[in-house]
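Before any comments, here is the structure.
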Amino acid sequence: MTPAADAGKGTHYVPLALITLSIGVLLMVPLFVESTYLLHMMILIFINVIIGSAWNILGGYTGQYSVGHAAYFGVGAYTTMILLQYRQIAPWYGIWAGAVVALMTALIIGSICFRLRGSYFVLASIAVAEIFRVSALNLKAITNGAEGILITEIPPLTIGGTLITDWESKIPFYYTGLIFALVSITVSWLVLRSKLGYCFQAIREDQDAAHSLGINPTLYKNAALAISAIFTALAGGLYGAYVGFIDPSTVLGLEKSIQIVVVCIIGGVGTIFGPVLGAALLVPLSEALRSNVITDLLIKAGLVRAESPVGVFLKENLAHAHVLIYGILVVIVILFMPEGVLGFFRKMATRRGSRGSGVGGRRKGKDLAVTSDSEPSTHDPKPATLDSHPATPNSDPRPPTPDSRG
Amino acid sequence: MAILEINHVSRYFGGLAANWDVSFEVPEGTIVGLIGPNGAGKTTLFNCITGYYRPSKGEIVFQGRRMNGLKPDKVCKLGMARTWQKVRPLTNLSVLDNAVVGALCRTNSVREAREIAHEQLRVVHLDGRAGLRAGALPIGERKRLELARVLATKPRLLLIDEAMGGLNAAESEEIIRLILEIKDQGLTQIVIEHDMKAIMRLSDRIVVLNSGEKLAEGTPQEIVANPQVIEAYLGVEQ
């Protein structure tokens, strides 16, 4: 093994240590945190990490921008809740049934929709999710229509007679969410490093070229959708059981589909930790806007007096505009950080690294090479992935020559 | 022995015959040059052979097996690989990973694929570029990357569609050397090329297409002496 490869291996310990540390902290949180609101927020973040990572496998790696993932989220949620409501099957089992149903749904939808490419696929995915939403509204006998399904209690989970949890507090949901989130991140990491990951990305980059290299696009796109749908459904089932109430518009609406995409776009499409970052940013943001933090801040800062007409108006109305503000912020991020927050920070780090001349080190030079922005075409949010292999020799730290002819 | 037989292949687009009753054979271990004026149907024929189009009539037989209707991925797995007239790098993947994708055609192990990929990058002298983004390569290197990528699929027959288009003399020379080197390793090739000097050097036999039909076939010397070919390329003397 070359010294360069050894050095590459050494740098891998840092993120590993960081990951272990953060998992440790996350495991301890419920032991020290009393605030149910914080736990609630964390659970929502976990759920968003799961759906973000799941969508990322299809949208980020494979390049198939599905704006209909609410279909799988809803299928997971409805299956779990219906089984609990009408068959008294605990969510602990129902959630897996939800994943299986979503998988089968995905295979059917995929075999139809993947005949379409690009924006046509996007439109088809929206249409499919709408079919599910309208069906859920109208199949009142099964789904209870627009009234939705409300559950009041969840059967306790026992293993071999010992009570594990009665699902009374938020803590069991916290740990379930954490485990599912960790599993979904691990799966997306494993996928990226396997043959699947290469095939997915080849299809994203150029489907015809991938096809000529022995990759069956239909097969691999369906595989990506299948993995994606399973995790989205698990998140849906968890959401249903946690919140205790679902209706067609919250779990099957277009808003849900868009939210799933936005988590990835904000964080960074096609990267493992992009969806994690996206969820960690968006959930608190949307919660804060909903509880009118902006008005409170303005009042506290002394810019607006609480009793003044403006203060009263803001207090009464700004919370209703939370979706509007959220939307504006999302647009701003997309405009100024087209590669997502993660991509943005990476680029900043790279720039700083290259400014620090040759001492910047091997690793930075390589980042510059692989994610460099020397071409206008790199403005689409597809970062180079699979780049951190320790075995990749990089004897050429020069920045790439811009190609004027391509 | 012929590794590829093209028997009376026609391909229509609506009423237009892009290929009309084309037949020829590709003997194993040789390079067959495919030439013809623009719009003669060379790339259409490539697309028919590699499964992107289904021939409207006729059949394509590769290593004794009828290929009509097989999809491109199956065609590649059976040992026939192609490059593209307009290069199609997997832009946001590294140079190495581009070749890895090709190598994964024959193996499920990423580790093994990476070894094959490194090997093929050395063949085309791109090993120093392995960590770069493929989209950052200049055109000459992209063409070579495309060669490395298809070679990594371990083909028995390679179809090269204008590997020298847009290259300068030195870059073209390098491609010619590569194609001959690949031939020496026993790989059969069909080469589409506009550069007549290059095609004369490369080909053992040349097939000339004109308006979708086969106009002539023979050794390079026979082709340059063929009055029909001269007429198709230069027009008739009044």
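Scanning region A:118-138 finds no residues that are more than 22 Å from the chain's Cα centre (by Cα) and not in a helix (DSSP H, G or I). Looking at B:79, B:33, just one residue is over 27 Å from residue B:103 (Cβ atoms) and within 15 Å of the chain's Cα centre (by Cα), and that residue is B:33.
On the stretch given as region B:108-119, residues that are surrounded by 17 or more Cβ atoms within 10 Å (Cβ to Cβ) and either of a type outside the set (Val, Ile, Thr) or facing another protein chain (nearest Cβ under 10 Å) (or both) total 5. When every residue of region A:25-37 is checked against the conditions, at least one turns out to be closer than 21 Å to residue A:282 by Cα, without any contact (Cβ under 8 Å) to a residue 12 or more places away in the chain and not in a helix (DSSP H, G or I). Limited to region A:167-187, what total is found for residues that are touching an Asp or Glu at 6+ places or on another chain (Cβ under 9 Å) and surrounded by 13 or more Cβ atoms within 10 Å (Cβ to Cβ)? Adding up the residues that qualify gives 2. Listed by first and then second residue, the pairs linking a residue in region B:136-149 that is β-branched (Val, Ile, Thr) to a residue that is part of a helix (DSSP H, G or I), with Cβ atoms under 6 Å apart and 6 or more places separating them unless they lie on different chains, form an empty list. Of all residues assigned to region B:92-101, none qualifies as being in contact (Cβ under 8 Å) with a residue 12 or more places away in the chain and either surrounded by fewer than 22 Cβ atoms within 10 Å (Cβ to Cβ) or at positive phi (or both).
Under the condition of being part of a helix (DSSP H, G or I) and out of contact with any Ser or Thr (no Cβ under 7 Å at 6 or more places or on another chain), the residues counted in region B:62-84 number 3.
Among the criteria (1) within 10 Å of chain A (Cβ to nearest Cβ); (2) over 29 Å from residue A:201 (Cα atoms); (3) not small (Gly, Ala, Ser), the one residue B:101 does not fulfil is (2).
May I ask you to verify whether residue A:86 is of a type in the set (Phe, Trp, Tyr), part of a helix (DSSP H, G or I) and farther than 27 Å from residue A:155 by Cβ? Considered against the rule, which asks whether it is of a type in the set (Phe, Trp, Tyr), part of a helix (DSSP H, G or I) and farther than 27 Å from residue A:155 by Cβ, residue A:86 comes out as no.
Annotation note: of A:327, A:302, A:340, A:311, the sole residue that is of a type outside the set (D, E, K, R), in contact with a Cys (Cβ under 8 Å, 6 or more places away or on another chain) and at pLDDT 50 or above is A:340.
Out of the residues in region B:47-61 that are part of a strand (DSSP E or B) and of a type outside the set (A, V, I, L, M), state the one that is farthest from the other protein chains (Cβ to nearest Cβ).
Among residues in region B:47-61 that are part of a strand (DSSP E or B) and of a type outside the set (A, V, I, L, M), the one farthest from the other protein chains (Cβ to nearest Cβ) is B:57.
Assess whether residue B:165 counts as being within 20 Å of the chain's Cα centre (by Cα) and farther than 28 Å from residue B:63 by Cα. The answer is yes for residue B:165. Of the residues examined, residue A:70 is not one that is surrounded by fewer than 20 Cβ atoms within 10 Å (Cβ to Cβ), under 16 Å from residue A:232 (Cα atoms) and not aromatic (Phe, Trp, Tyr). Once region B:120-179 is narrowed to residues that are among the polar types (S, T, N, Q) and more than 10 Å from every other protein chain (Cβ to nearest Cβ), the residue that is surrounded by the most Cβ atoms within 10 Å (Cβ to Cβ) is B:120.
When residue B:87 is tested against (1) part of a loop (DSSP other than H, G, I, E, B); (2) facing another protein chain (nearest Cβ under 8 Å); (3) surrounded by fewer than 20 Cβ atoms within 10 Å (Cβ to Cβ), exactly one condition is not met: (3).
The values are calculated or read from the model by the stated rules, or taken from the named source; none is laboratory data. None of the values given here were measured: they were computed from a predicted structure. Cβ: placed from backbone, ideal geometry, glycine included. Neighbour counts: every protein chain shown.
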